[in-house]
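The values are calculated or read from the model by the stated rules, or taken from the named source; none is laboratory data. Because the structure is a prediction, the values reported are computed rather than measured. With ideal geometry, Cβ positions are generated from the backbone for all residues, glycine too; neighbour counts draw on all protein chains shown.
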Amino acid sequence: MRHHVILRVIAKLGIPFIVLFALYVQFHGDFGPGGGFQAGVIFGAAFILYALIFGLDNALEAAPMNVVVAFIAIGLLLFAGVGVAALLLGGNYLDYGALADDPVAGQHLGILLVELGVGITVAAVMIAVFFTFADRGR
């Protein structure tokens, strides 16, 4: 892939903007369209583009499979942990209003954390699925 200079240059210029857009979608999701799932898909697609352009070995060096699996677990634990925290604070599971003294602030915090957990999980699962299929023929 070294001889595809144009693809490599365009990818180097474009991938940071794709990741920036994923962050925008992630943290704007509680105010408008978007959220964790969409941001996770965008981030996962950016990483898959990196792997396709620069090679699977470079992608595995940037994010080893054990790190990707750890991020799957971290995202799930963040999502579930928000629900358990709400239970421990006297609310129902995923009752975000119990997370703060002001129910509106608790709702905002809860949605932000749950969407972050979803985004991390979706991105990591997409990358793991890509690594699994891309590594089959080796």
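A compact table of results
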| item | result |
| --- | --- |
| Hits in region 11-22 (condition: surrounded by 10 or more Cβ atoms within 10 Å (Cβ to Cβ) and either of a type in the set (Phe, Trp, Tyr) or more than 19 Å from GLY44 (Cβ to Cβ) (or both)) | PHE17, PHE21 |
| Contacts under 8 angstrom Cβ, first residue in region 28-54 being closer than 16 Å to ARG8 by Cβ, partner polar (S, T, N, Q) and surrounded by fewer than 19 Cβ atoms within 10 Å (Cβ to Cβ), 6 or more apart | TYR50/ASN58; ALA51/ASN58 |
| Tally, over region 99-110, of residues that are of a type in the set (A, V, I, L, M), in a helix (DSSP H, G or I) and surrounded by fewer than 19 Cβ atoms within 10 Å (Cβ to Cβ) | 3 |
| Qualifying residue in region 47-68 (condition: farther than 25 Å from HIS3 by Cα, small (Gly, Ala, Ser) and either modelled with pLDDT of 95 or more or exposed (fewer than 14 other Cβ atoms within 10 Å of the Cβ) (or both)) | no |
| Which listed residue is surrounded by fewer than 17 Cβ atoms within 10 Å (Cβ to Cβ), more than 21 Å from GLY44 (Cβ to Cβ) and either touching a Ser or Thr at 6+ places or on another chain (Cβ under 6 Å) or without any contact (Cβ under 8 Å) to a residue 40 or more places away in the chain (or both), from VAL84, VAL129 | VAL84 |
| Positions within region 85-98 being assigned to a loop (DSSP other than H, G, I, E, B) and small (Gly, Ala, Ser), in sequence order | GLY90, GLY91 |
